[in-house]
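What follows is a single structure, written as structure tokens, with notes after it.
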Amino acid sequence: MKEYSSASSYNNTRPSAVTIGTFDGVHLGHRAILERLVKTATDENLDSVLLTFFPHPRMVLQKDVQLKLINTIDERKELIKKTGLDQLVIHPFTKEFSRLTALQFVRDILVNCLNVKKIIIGYDHRFGRNRNATIEDLKEFGITYDFEVIEITAQELDEVAISSSKIRRALENGHIKTANSYLGYLFMLNGTIVKGKGIGKTLDFPTANLQVEENYKIIPKNGVYVVQTNISGERVFGITNIGTNPTFGGSVKTIETYFLDFNEILYGKFLKLEFLKRIRDEVNFETSDNLKEAIKKDESFAREYIKSNE
């Protein structure tokens, strides 16, 4: 898969089959569309192209700082790469770009830049300035500019019944199992291990503090989770606490993991945490001993869960 940082930098002259969207999560619904795109492109001797955008349009047009994304842009790239797509175009979404008319978008981006011959798109897709053009308008442009529009019907989309917003809601509510089932893979947090306050060590449960750089990345609901990661080619399980350490009067949210049967120093390492199961809410315990007992129970739960799911 080849990546391009804008439509104007796309320098492939082969005719293309294109789909368009933000594809946050690259969930099962997205992958069904991409599989269809790749198959159509292969059958028709075209290049398969995904035109996607960053930042998310809502962050630009609505200044929606509350919107958190399921994937960082790097995570999204890695997931898309696995679909067999030929070309990925990540176009910068700006206010200026949003003001393109439907004609300008089709002519200047899809036709002149991407050399489109087929577009696979949802029945309810809207585009152009103020999103005022519909799939029927796109079909009219297809007659003018010699490309075919393949419509994904409401029935086809309903069969999947998955949306990025449903997954975000599940994560915000701590429903990891639901989120994972919609994603078709384990929800992940990627980041660097940094020094924390060392509270875990005082409880005999030393933790690794994961720092996620991207402030737009969604973090699941505060609580305790069973997780897994890969360290030096080996799968390692752990218990992750997301929260503020209220028992110790904390106020800053941290992501701290106690890895089972593992005691190497991880400072500076880049890790991917994959979330398997939610254990419980974060609790403000009366004493550190109460917290220690709770962590012991969390560990027992995690070990049983891991054992029963091997």
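So how far apart, in nm, are the two label points at LYS139 and LYS166 if each is 7 Å from Cα heading toward Cβ?
My value for the distance between the label points is 2.7 nm.
Using a/c under 1.5 as the rounded threshold, could you call segment 186-308 rounded, prolate or oblate? The axes a ≥ b ≥ c are square roots of the C-alpha gyration tensor eigenvalues, and prolate needs a/b larger than b/c, oblate otherwise.
Because its axes are fairly even, with a/c under 1.5, segment 186-308 counts as rounded.
By a straight-distance test (C-alpha under 19 Å), which lysines pair with LYS39 as possible cross-link partners, with residues fewer than eight away in the same chain excluded?
Here the lysines satisfying the reach criterion relative to LYS39 are LYS2, LYS81, LYS82, LYS117, LYS118.
Any idea how far the Cα center of segment 203-232 sits from the one of segment 262-310, in Å?
With segment 203-232 and segment 262-310 each reduced to a Cα centre, they are spaced 10 Å.
Report the calculated FRET efficiency for LEU186 and LYS82 (r = Cβ-Cβ distance, R0 = 22 Å), to the nearest 0.05.
The value I calculate is 0.95.
Taking only Cα atoms, what is the 0 to 90° angle, nearest 10, from helix 28-43's long axis to the longest principal axis of the chain?
Approximately 40 degrees, to the nearest 10.
Based on the alpha-carbon gyration tensor of segment 2-166 and its eigenvalue square roots a ≥ b ≥ c, which shape applies: rounded if a/c is under 1.5, prolate if not and a/b is larger than b/c, or oblate?
In terms of gyration-tensor shape, rounded.
Give me, ordered by chain and number, the residues 5 or more places off ILE119 or on other chains with an amide H under 5 Å from its own placed amide H.
VAL18, GLU148, VAL149, ILE150
In the Gaussian network model of the chain, springs joining C-alpha atoms below 10 Å, which of THR83, THR240, THR72 carries the largest mean-square fluctuation?
Ranking THR83, THR240, THR72 by mean-square fluctuation puts THR83 first.
State the antiparallel share, in %, of DSSP beta bridges confined to the chain, rounding to the nearest 5.
Just about 55 percent of them are antiparallel.
Calculate how steeply helix 135-145 sits against the longest principal axis of the alpha-carbon atoms of the chain, using the helix alpha-carbon long axis, and give the answer as 0 to 90 degrees to the nearest 10.
Tilt relative to the chain: about 50 degrees.
Sequence-distant or interchain residues sharing an amide H contact under 5 Å with PHE54, placed H: which?
HIS91, PHE93
Could you point to the label whose value was computed as semi-axes √(5λ) of the Cα gyration tensor in Å for the structure here, given (1) 29, 23, 19; (2) 44, 19, 17; (3) 33, 23, 19?
(2)
Does anyone have the angle between helix 288-308 and the longest principal axis of the chain? Alpha-carbon axes, 0 to 90°, nearest 10?
50 degrees
Scan the chain and hand back the longest stretch that contains none of the trypsin sites (Lys or Arg not before Pro) lying in DSSP loops with at most 12 other Cβ atoms within 10 Å. Spell out each step's value before the answer.
On the way: sites that count: LYS63, LYS82, ARG99, LYS195, LYS253.
So the longest stretch without any such site is 100-194.
Give the distance, in whole Å, between the Cα centre of segment 107-182 and the Cα centre of segment 9-42.
Distance between centres, Cα-based: 10 Å.
Between ASN12 and ASN222, what is the label-to-label distance in nm when each label sits 7 Å out along the Cα-to-Cβ direction?
Here the modelled spin labels are 4.6 nm apart.
Have a look at VAL227, VAL49, VAL236 and tell me which one the Gaussian network model of the chain (Cα, springs below 10 Å) gives the largest fluctuation.
The residue that fluctuates most here is VAL236.
Show the residues, 5+ positions off or on another chain, whose built amide H is closer than 5 Å to the amide H of GLU282.
Distant-sequence amide H within range of GLU282: GLY223, VAL224.
Among rounded, prolate and oblate, which fits segment 104-152 when a ≥ b ≥ c are the square roots of the eigenvalues of its C-alpha gyration tensor, a/c under 1.5 means rounded, and a/b larger than b/c means prolate? The partial results should precede the final answer.
Values: a/c = 1.71, a/b = 1.16, b/c = 1.47.
Oblate is the answer for segment 104-152, as a/c is 1.5 or above yet b/c matches or exceeds a/b.
No value in this document is a laboratory result; all are computed from the given coordinates. Since the structure is predicted, the reported quantities are computational estimates derived from the model, not experimental observations. So basically every Cβ, Gly included, is an ideal-geometry build from the backbone, and we count neighbours across all protein chains shown.
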